[in-house]
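K.L.:
Okay, here's the structure, questions in a sec.
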Amino acid sequence: MNSTPQNSVHNKPDELDRRSFLHHTGKLLAAGGLASTMGKAALGSSLNAPRSGGRVLVLGAGLAGLTAAYELSKANHEVTVLEARGRSGGRVRTYRDPFADGLYAEMGAEYIDASDDYGHRYCKEFDLKVITAKLYDALFLRGRKISMQALKEKAVAIPYQGTKPGYLFGQEAQYTKRIVELIKNPERLPPEVLKLDNLSVVELLTRSGAPEDIIALYNYTNATESTARPHELSALKMIKNHHGGGFNEEVNEGRILGGNDQLPKSMALRLADNILYRRPVRRIVHDQQGAEVFFEERGRLTSMKADHLVIALPFTILRDLDVSPSFSSEKTKCIQTLMYGHVMKIAMQFKRRIWDEAGSLGQRVFTDTELRRIYHFSADQPGQRGILMSFTSGGDAQRLGRLSPEKRRDTALSVATSLWPNAPEFYEGAAIKYWNEDPWMRGSYSFEGVGQARNYLEIAKRPEGRVHFAGEHTSRHRATMNGAIESGLRACREVLGS
């Protein structure tokens, strides 16, 4: 492994620079360089066979777009996928090249939980094995090293004022219990609960008498999972989570043995020539008969028409596209304002797996440092070398994002050293992915900000004529691979039912 591996996807040769693309296509538009490629040859040989279904364009080859395209193709529709990148998968991003000895790391979407039915369904279809991830076995809070077992046995307490013994996650629930008990039917929330959408988590907890330490701990637990900060999160969303059971230290997480990228690659392989890579979309024109999409292709702007359009792009990208006519005012507002967080993953390669040695705090450590979650990623991979992964989000990710790649690596190694003092002796380098720097993402995944937990999901997924929407931001299983797949299936059903 090189000491300075690639630190972000957009620096890789298979990615396009978005700023250069916009500058270039702006010139093409000004010159009137719009051309239409409606012939069969432009669509690839796999689409030349007669089809009984309609013609569908899918924007984005992430899991949502691939699922929609895969199922529509099986339903005998003529499907074309336009993807700006030179690869499939979107936020499913497995790094292999930067690491030695066959090691790999998930620099994007990582987990398929035991309850993720859609993810498990397709893993079974493509003969992919899902392995269970190790639970947290240690804490590092305010400089104190605490074993999870000691915490559960109430032998030690979290060094945060006002916390209940024996638990890490959900400490704020004691201050929201009265409101949660008002919910009898989660599909029909009472007015007193609905109005909480106008408050942030910080505001609600403060009004409920929660001490500052409880709010701070929420930031390191649940807000980290959302990649947000507590003052950005809707209090209504938190209450819904408390009613339904949110993320906690006992969640049964898993990932695909050999790399999560095998799932989108399996779908992409079956779609073959139906996917057109390096085709960034510039403009969308739609009406009641269908849609025409203008995109860059080998240095010129061209277009393609379809009976239906499935947009599986994150709203961070869609909000900058030219759409004519504009979508409804509700949809436009949702696209322009839906919240996305900050997230950075740092994968550090070590010559020796020091976290497995005698005296180690543990393999998977929850912290209140800049790195937040730090864990042994390569537990299922053979060899002496190993990868220590960190997942940092919200304000900490944003602050690290302002640093140079070398400063980010220095910070990561410094935190690792505070947990494993001999870390510098065996450290060999690190790969970094800061998703807010990615030109085709510009954020982590979506979350429901203040004012967005009441109806944004319904608005986000609602079709606009023959234009359909997919992606984790349109699924009730938000921020997961499971949600992306579910949204692609829903978009497929919408097309087939129209």
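The values are calculated or read from the model by the stated rules, or taken from the named source; none is laboratory data. Not measured: the values here are computed from a predicted model. Note: ideal-geometry Cβ built from the backbone for every residue, glycine included; neighbour counts use all protein chains shown.
K.L.:
Please go through segment 114-143 and give me each residue that is part of a loop (DSSP other than H, G, I, E, B) and modelled with pLDDT under 95, ordered by number. It would help to see each step written out before you state the result.
P.N.:
Here is the first cut: in segment 114-143, the residues part of a loop (DSSP other than H, G, I, E, B) are 114-116, 126-129, 133-137, 142-143.
Ala114, Ser115, Ala133, Lys134, Leu135, Tyr136, Asp137, listed by residue number.
K.L.:
Follow-up question, since we're still on this one. Any idea which residue in segment 224-264 is farthest from Arg454 (Cα to Cα), counting only those that are part of a helix (DSSP H, G or I) and in contact with a Phe, Trp or Tyr (Cβ under 9 Å, 6 or more places away or on another chain)?
P.N.:
Narrowing segment 224-264 to residues part of a helix (DSSP H, G or I): 224-226, 235-244, 262-264.
Checking the rest, the ones that are also in contact with a Phe, Trp or Tyr (Cβ under 9 Å, 6 or more places away or on another chain) come to 224-226, 237-238, 241, 262-263.
Working: Thr224: 22, Glu225: 20, Ser226: 17, Lys237: 8, Met238: 12, Asn241: 13, Gln262: 35, Leu263: 32 Å.
This residue is Gln262.
K.L.:
Still on this structure: From Leu263, Leu269, Leu236, Leu204, grab the single residue that is crowded, with 19+ Cβ neighbours inside 10 Å, without any contact (Cβ under 8 Å) to a residue 40 or more places away in the chain and on the phi < 0 side of the Ramachandran plot.
P.N.:
Numbers: Leu263 fails: without any contact (Cβ under 8 Å) to a residue 40 or more places away in the chain; Leu269 fails: crowded, with 19+ Cβ neighbours inside 10 Å; Leu236 fails: without any contact (Cβ under 8 Å) to a residue 40 or more places away in the chain.
Result: Leu204 is the single residue among Leu263, Leu269, Leu236, Leu204 that is crowded, with 19+ Cβ neighbours inside 10 Å, without any contact (Cβ under 8 Å) to a residue 40 or more places away in the chain and on the phi < 0 side of the Ramachandran plot.
K.L.:
Since His477 meets every condition but one in (1) surrounded by fewer than 23 Cβ atoms within 10 Å (Cβ to Cβ); (2) touching a Ser or Thr at 6+ places or on another chain (Cβ under 9 Å); (3) outside any loop (DSSP other than H, G, I, E, B), which condition does it not meet?
P.N.:
The failed condition is (3).
K.L.:
Scan segment 367-411 residue by residue and report those that are of a type in the set (A, V, I, L, M, F, W, C) and within 20 Å of Glu357 (Cα to Cα).
P.N.:
Of segment 367-411, the ones of a type in the set (A, V, I, L, M, F, W, C) are 371, 374, 377, 379, 387-389, 391, 397, 400, 403.
Once the filter is applied, which keeps residues that are of a type in the set (A, V, I, L, M, F, W, C) and within 20 Å of Glu357 (Cα to Cα), segment 367-411 yields Ile374, Phe377, Ala379, Ile387, Leu388, Met389.
K.L.:
While we're here: Anything in segment 61-79 that is in a loop (DSSP other than H, G, I, E, B) and more than 19 Å from Tyr122 (Cα to Cα)? List them, or say none. Show your work before the answer.
P.N.:
Initially, segment 61-79 is screened for residues in a loop (DSSP other than H, G, I, E, B), giving 61, 75-77.
Result: Asn76, His77.
K.L.:
Looking at Gly483, Gly488, Gly451, Gly429, which one is outside any loop (DSSP other than H, G, I, E, B) and surrounded by fewer than 20 Cβ atoms within 10 Å (Cβ to Cβ)? Spell out the reasoning first.
P.N.:
Working: Gly483 fails: surrounded by fewer than 20 Cβ atoms within 10 Å (Cβ to Cβ); Gly488 fails: surrounded by fewer than 20 Cβ atoms within 10 Å (Cβ to Cβ); Gly451 fails: outside any loop (DSSP other than H, G, I, E, B).
Just a single option satisfies the conditions, and that option is Gly429.
K.L.:
What's the number of the condition Ile146 fails, among (1) assigned to a loop (DSSP other than H, G, I, E, B); (2) touching a residue at least 12 places away in the same chain (Cβ under 8 Å)?
P.N.:
That leaves (1) as the condition not met.
K.L.:
Yes or no: segment 331-347 includes at least one residue that is among the aromatic types (Phe, Trp, Tyr), assigned to a strand (DSSP E or B), within 24 Å of the chain's Cα centre (by Cα) and more than 26 Å from Leu489 (Cβ to Cβ). Give the steps one after another, and end with the answer.
P.N.:
Start the filter on segment 331-347 by keeping residues that are among the aromatic types (Phe, Trp, Tyr), which leaves 340.
If we keep only those that are assigned to a strand (DSSP E or B) as well, we get 340.
Checking the rest, the ones that are also within 24 Å of the chain's Cα centre (by Cα) come to 340.
With the extra rule that they be more than 26 Å from Leu489 (Cβ to Cβ), the set shrinks to none.
No, every residue in segment 331-347 fails to be among the aromatic types (Phe, Trp, Tyr), assigned to a strand (DSSP E or B), within 24 Å of the chain's Cα centre (by Cα) and more than 26 Å from Leu489 (Cβ to Cβ).
K.L.:
In this structure, does Gln161 turn out to be touching a helix residue (DSSP H, G or I) at 6+ places or on another chain (Cβ under 7 Å), of a type in the set (S, T, N, Q) and either not assigned by TED's automatic domain parsing to the domain that holds Leu388 or not in a strand (DSSP E or B) (or both)? Working first, answer last.
P.N.:
On the way: touching a helix residue (DSSP H, G or I) at 6+ places or on another chain (Cβ under 7 Å): yes; of a type in the set (S, T, N, Q): yes; either not assigned by TED's automatic domain parsing to the domain that holds Leu388 or not in a strand (DSSP E or B) (or both): yes.
When the stated conditions are applied, Gln161 passes them.
K.L.:
Return the total of residues in segment 184-213 being modelled with pLDDT of 95 or more and over 19 Å from Gln452 (Cα atoms).
P.N.:
8
K.L.:
Follow-up. Quick check on Glu250: is it surrounded by fewer than 21 Cβ atoms within 10 Å (Cβ to Cβ) and either modelled with pLDDT of 95 or more or not charged (D, E, K, R) (or both)?
P.N.:
Details: surrounded by fewer than 21 Cβ atoms within 10 Å (Cβ to Cβ): yes; either modelled with pLDDT of 95 or more or not charged (D, E, K, R) (or both): no.
Answer is no for this residue.
K.L.:
For segment 432-448, give me the residue count where each residue is assigned to a loop (DSSP other than H, G, I, E, B) and crowded, with 20+ Cβ neighbours inside 10 Å. Walk me through it before giving the result.
P.N.:
Going through segment 432-448, the residues assigned to a loop (DSSP other than H, G, I, E, B) turn out to be 438-445, 448.
From the residues that got through so far, the ones that are crowded, with 20+ Cβ neighbours inside 10 Å too are 438-441, 443-445, 448.
The qualifying residues number 8.
K.L.:
Thr392: within 21 Å of the chain's Cα centre (by Cα), not in a helix (DSSP H, G or I) and not hydrophobic (A, V, I, L, M, F, W, C), yes or no?
P.N.:
Details: within 21 Å of the chain's Cα centre (by Cα): yes; not in a helix (DSSP H, G or I): yes; not hydrophobic (A, V, I, L, M, F, W, C): yes.
Here the answer is yes, as Thr392 does meet what is asked.
K.L.:
Going residue by residue through segment 212-219, is there one that turns out to be polar (S, T, N, Q), closer than 21 Å to Pro165 by Cβ and not assigned by TED's automatic domain parsing to the domain that holds Arg476? Before you say what the answer is, go through the steps one by one.
P.N.:
In the first step, residues of segment 212-219 are kept if they are polar (S, T, N, Q); the result is 219.
With closer than 21 Å to Pro165 by Cβ added as a condition, the list becomes 219.
If we keep only those that are not assigned by TED's automatic domain parsing to the domain that holds Arg476 too, we end up with 219.
Yes - at least one qualifying residue is present in segment 212-219.
K.L.:
From the list Gly143, Gly86, which one is among the small types (Gly, Ala, Ser), surrounded by fewer than 20 Cβ atoms within 10 Å (Cβ to Cβ) and in the same structural domain as Glu472 (by TED's automatic domain parsing)? Break it down stepwise before answering.
P.N.:
Values: Gly143 fails: in the same structural domain as Glu472 (by TED's automatic domain parsing).
Gly86 is the lone residue from the list that is among the small types (Gly, Ala, Ser), surrounded by fewer than 20 Cβ atoms within 10 Å (Cβ to Cβ) and in the same structural domain as Glu472 (by TED's automatic domain parsing).
K.L.:
Moving on. Tell me, please, whether a residue that is in contact with a Leu (Cβ under 8 Å, 6 or more places away or on another chain), assigned to a helix (DSSP H, G or I), over 21 Å from Phe169 (Cα atoms) and not hydrophobic (A, V, I, L, M, F, W, C) can be found in segment 370-378. Write out each step before concluding.
P.N.:
Within segment 370-378, the subset in contact with a Leu (Cβ under 8 Å, 6 or more places away or on another chain) is 370, 374-378.
Within this subset, residues satisfying the condition of being assigned to a helix (DSSP H, G or I) are 378.
Narrowing further to those that are over 21 Å from Phe169 (Cα atoms): 378.
Then drop every residue that is not not hydrophobic (A, V, I, L, M, F, W, C), which leaves 378.
Within segment 370-378, one or more residues are in contact with a Leu (Cβ under 8 Å, 6 or more places away or on another chain), assigned to a helix (DSSP H, G or I), over 21 Å from Phe169 (Cα atoms) and not hydrophobic (A, V, I, L, M, F, W, C).
K.L.:
Something else about it: Only residues that are assigned to a helix (DSSP H, G or I) and under 30 Å from Leu135 (Cα atoms): list them for segment 180-196, please. Show your work before the answer.
P.N.:
Going residue by residue through segment 180-196, those that are assigned to a helix (DSSP H, G or I) are 180, 191-196.
Hit for segment 180-196 is Val180, nothing else.
K.L.:
Just the residues that are within 19 Å of Glu110 (Cβ to Cβ), in contact with a Ser or Thr (Cβ under 9 Å, 6 or more places away or on another chain) and either among the basic types (Lys, Arg) or part of a loop (DSSP other than H, G, I, E, B) (or both), please, taken from segment 348-367.
P.N.:
Gly362
Matching residues to (1) under 26 Å from Glu71 (Cα atoms); (2) exposed (fewer than 13 other Cβ atoms within 10 Å of the Cβ):
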site: Ala100; (1), (2): no, no
site: Leu103; (1), (2): no, no
site: Ile112; (1), (2): yes, no
site: Ser115; (1), (2): yes, yes
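K.L.:
Inside segment 179-227, can you point out the residues that are touching a Pro at 6+ places or on another chain (Cβ under 7 Å) and β-branched (Val, Ile, Thr)? Spell out the reasoning first.
P.N.:
Filtering segment 179-227 down to residues touching a Pro at 6+ places or on another chain (Cβ under 7 Å) leaves 182, 200-202, 215, 218-219, 223.
Within segment 179-227, Val201, Val202, Ile215 qualify.
K.L.:
Here is a further query. For segment 454-474: of the residues being assigned to a loop (DSSP other than H, G, I, E, B) and surrounded by 22 or more Cβ atoms within 10 Å (Cβ to Cβ), which is nearest to the chain's Cα centre (by Cα)?
P.N.:
Here is the first cut: in segment 454-474, the residues assigned to a loop (DSSP other than H, G, I, E, B) are 454-455, 462-463, 465-466, 470-471.
The next check asks that each one be surrounded by 22 or more Cβ atoms within 10 Å (Cβ to Cβ); those that pass are 470-471.
On the way: Ala470: 14, Gly471: 10 Å.
Once the filter is applied, the top-ranked residue is Gly471.
K.L.:
Also, quick follow-up: Can you pull out every residue in segment 377-417 that is buried (at least 21 other Cβ atoms within 10 Å of the Cβ) and more than 23 Å from Arg229 (Cα to Cα)?
P.N.:
Phe377, Ser378, Gly386, Ile387, Leu388, Arg409, Ala416 - these are the residues of segment 377-417 that are buried (at least 21 other Cβ atoms within 10 Å of the Cβ) and more than 23 Å from Arg229 (Cα to Cα).
K.L.:
Separate question: Within segment 249-291, work out how many residues are farther than 30 Å from Tyr375 by Cβ and aliphatic (A, V, I, L, M). Outline the logic, then answer.
P.N.:
Initially, segment 249-291 is screened for residues farther than 30 Å from Tyr375 by Cβ, giving 269-291.
Checking which are aliphatic (A, V, I, L, M) leaves us with 269, 271-272, 275-276, 281, 284-285, 291.
Count: 9.
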